[in-house]
Amino acid sequence: MIPPAFEYTRPTSVEDAVRTLAERGEDAKVLAGGQSLLPLLRMRLAFPELVVDVGRIPGLRGVREEGDALVIGALTSHHDVIADPLVRRHAGLLAAAAATVADPAIRHRGTLGGSLAHADPGGDLPAVALALDAELVAAGPGGRRSVPAREFFVDFLQTALRPDELLVEVRIPKTGDHDGWGFHYEKYSRVAQAWAMVGVAALVRREDGHIAEARIGLTNMGSTPLRAFAAEEALAGVGPDGVARAAQSAAEGTRPASDPAASAEYRAQLARVLTRRSVLAAAGMG
Amino acid sequence: MTRISVTVDGTKYEDEVEPRLLLVHYLRDRLGLTGTPVGCDTSNCGACTVDLDGVTAKSCSVLAVQADGSEVTTVQGLAVNGEWHPLQKAFHERHALQCGYCTPGMIMAARDLLRENPAPSADDVRHALEGNLCRCTGYQNIVRAVLDAAGSTEPSAQEVAP
Ligand SMILES: Cc1cc2nc3c(=O)[nH]c(=O)nc-3n(C[C@H](O)[C@H](O)[C@H](O)COP(=O)(O)OP(=O)(O)OC[C@H]3O[C@@H](n4cnc5c(N)ncnc54)[C@H](O)[C@@H]3O)c2cc1C
Ligand code: FES
Ligand code: FES
C-alpha cells in the first residue's frame, strides 16, 4: 500500500534533530534505516505528521574503542556491525545475533539504534543488548544521558526514550575471548528467513572448565526482552554436566505470548531447550 | 513536495516528489522503469531489490527522498550494449525462472553476493537469497544459475540438494 502523507525533514546534526523533535513532540517520528518504520507506514499502522530522517547525520555511524567499552553509533547498519573487527573481537555476541536478522538487503539499511529503539521483543538485538549489559546513550534538549539496557525496554515497542530524544550510541563493555568469555545466539524459527519464535543469547565466562558467570537474554518471551536471572544463578559454578539442569529455570518469571505460531507453554519449553543449547555452545562444552 | 536528484541506471533525474513516495513507485510510475516489480506489502519478498549506492536495498522499503543524491542500479541497468549480464545469461540457460516475477530481485541479490564472495558455495547462495521469495521454481535452478554465473564448476547433485 501507499503510506499516508507526511511532511519530511532531514536534519544535519543531532542538535537540529532534537530541536525538531522537541518542537513537534508526538507528531514526529524518527526515521533511521526505515526497515521497521516503512513497513508500518505501508501497512498504515503508523501515522506520523512529520518524518525526521536522521539517516545522514554525520558521526552516528561506526565503532570505536573507549577503554573497556566499545561505542557503536546508533546509525551503524547491521551489515557493518557484523563485519566490524572490533565488534567481532570484543562483542562477538552482537555480531553473531545481527547475522541472523532478516536478510542481506534489510541488513544493509537497518540500524542497531533502530532495532533497539523499535523495541520489538521478537527482535534479536534487544535481548543481546540486555545480555551484554549495554548502555544506551540518548541525546535530548538538555544534553545526553545514558540508560542501562535493563531500564531501556519498558513494554511492547516502548522504551525509556522520550519523544524529544534521539538514541545516538550504544556502549558495550568488552567481553572478549581473551578474558574467558564465550557467546552464542540460538534462534529458533520455522522458515529460512523469519523472526525468532524464541531466541536465547548466551554470554558465558569460563574458569577451569566451569562456568564462572552466565548472562542470558531471551527474545520473544514477553512484552520486552528479558534476562533469565534464575537460570543465570543456577549456572554459576556448574560444569558441562550441570548445564541441562540449570537451563530448566530459563522460563521462570517470563510471560510469553500465545499466538498462531506457538503457545506460551511451547515457548517456555523452547526457552529451556534453547538455553541449554546456547549455553553449551557459548561455553564450548557442546 | 521535496526536490530530489537521483541517478538511475546511469541517467541523472531531477524531480519533485511527495515524501511518502516509495523508491519502487518512483522507478516504476515516474521513470517508467517497470523491470522492478512490487510483490508484497511487508518487505518480505525481495522482488523489488535494487542496488542503492553499491549495496542491495528493497526499493519498497526506501522512500524516494531517502535516495536523494544516490545512485540506483536496477535490473534494467545490468546489460552492457545489449549484452546480458552473466547472471541474466545463467538464469536463462539454467531455466531459473518460470513466471519471472521474482527474477529481477533474485538477480540483484545474487549480484550483491558475487561482489562480496566471488566463489560462493551452494549454501552461501541460499543464505544470500534468504530475503527473496520464489513461488514457482523451488529454488534449485536459481542456485544452479548463480553458481554458474560465479564460474563455479558444475555443482554436484549433493551440493544443490536442499
Ligand atoms: C522482512 C523483515 C524481516 C525482519 N527480520 C528481523 C529479524 O529476524 N530480527 C530482527 O531483530 N529484526 C528484524 N527486522 C527488523 C530490522 O532489524 C530493522 O532493521 C530494525 O528493527 C529497525 O532498524 P531501522 O534502522 O530500520 O529503524 P527504523 O525503521 O528507521 O525505525 C524503527 C523505529 O525506531 C525509531 N528509531 C530509529 N532510530 C532511532 C534513533 N536513533 N533514536 C530514536 N528513535 C529511533 C523510529 O522512530 C521507529 O519508531 C526485520 C524487518 C523486516 C522488514
Ligand atoms: S515488494 Fe519489496 S520486499 Fe516485497
Ligand atoms: S519464477 Fe515465479 S516467483 Fe520465481
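Every residue in the range B:13-43 that is within 11 Å of another protein chain (Cβ to nearest Cβ) and either within 7 Å of ligand 2 (Cβ to nearest atom) or among the hydroxyl-bearing types (Ser, Thr, Tyr) (or both), please.
Residues satisfying the conditions are B:Val24, B:Val38, B:Cys40, B:Thr42, B:Ser43.
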Output for the range B:48-64, where each listed residue is part of a strand (DSSP E or B), at the interface with chain A (Cβ under 8 Å from one of its Cβ atoms), open to solvent by less than 10 Å² (accessible area, probe 1.4 Å) and touching a helix residue (DSSP H, G or I) at 6+ places or on another chain (Cβ under 6 Å): B:Thr49, B:Thr56, B:Ala57, B:Lys58
Out of (1) away from chain B (no Cβ under 14 Å); (2) at pLDDT 95 or above; (3) within 13 Å of ligand 1 (Cβ to nearest atom), the odd one out for A:Glu26 is which? (2)
Look through B:Leu114, B:Leu87 and report the one residue that is buried (at least 22 other Cβ atoms within 10 Å of the Cβ), away from ligand 3 (no atom under 13 Å from the Cβ) and under 23 Å from B:Val143 (Cα atoms). B:Leu87
Which of the residues that make up the range A:76-101 are more than 19 Å from A:Ala131 (Cα to Cα), open to solvent by less than 10 Å² (accessible area, probe 1.4 Å) and outside any strand (DSSP E or B)? A:Thr76
Of the conditions (1) open to solvent by 10 Å² or more (accessible area, probe 1.4 Å); (2) away from ligand 2 (no atom under 16 Å from the Cβ), the single one that A:Arg109 does not satisfy is (2)
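The rows are residues; the columns are (1) within 14 Å of the chain's Cα centre (by Cα); (2) free of Cβ contacts under 8 Å to residues at least 40 places away in the same chain; (3) closer than 18 Å to A:Thr111 by Cβ; (4) within 16 Å of ligand 3 (Cβ to nearest atom).
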| residue | (1), (2), (3), (4) |
| --- | --- |
| B:Pro19 | no, no, no, no |
| B:Leu22 | no, no, no, no |
| B:Tyr26 | no, no, no, no |
| B:Gly32 | no, yes, no, no |
| B:Thr36 | yes, no, no, yes |
| B:Leu52 | yes, yes, yes, no |
| B:Gln66 | no, no, yes, no |
Conditions: (1) surrounded by 22 or more Cβ atoms within 10 Å (Cβ to Cβ); (2) at positive phi. A:Gly33 meets all but one. Number of the miss? (2)
In the range A:83-113, how many residues are within 14 Å of chain B (Cβ to nearest Cβ) and over 14 Å from A:Gly33 (Cβ atoms)? 3
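Taking A:Val63 as the residue in question, decide whether it is closer than 19 Å to A:Gly140 by Cβ and β-branched (Val, Ile, Thr).
Taking the combined requirement at face value, the residue does not satisfy it.
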Mind checking which pairs have a first residue in the range A:9-36 that is part of a strand (DSSP E or B) and away from ligand 3 (no atom under 16 Å from the Cβ) and a second that is open to solvent by less than 30 Å² (accessible area, probe 1.4 Å) and among the acidic types (Asp, Glu), Cβ under 8 Å, 6 or more apart or different chains? A:Thr9/A:Asp53; A:Leu31/A:Asp53
Number of the exception - B:His95 against (1) at negative phi; (2) within 16 Å of ligand 3 (Cβ to nearest atom): (1)
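Table: residues versus (1) of a type outside the set (S, T, N, Q); (2) under 20 Å from B:Leu78 (Cα atoms).
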| site | (1), (2) |
| --- | --- |
| B:Glu16 | yes, no |
| B:Leu33 | yes, yes |
| B:Asn44 | no, no |
| B:Thr49 | no, yes |
| B:Ser61 | no, no |
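The values are calculated or read from the model by the stated rules, or taken from the named source; none is laboratory data. The model shown is predicted, which means the values in this text are computed figures rather than measured ones. Using ideal geometry, Cβ is built from the backbone for each residue, glycine included, and neighbour counts are taken over all protein chains shown. Remember, those area values only see protein heavy atoms, side chains included, never the ligands or the DNA or RNA. Shrake-Rupley method; radii C 1.70, N 1.55, O 1.52, S 1.80 Å.
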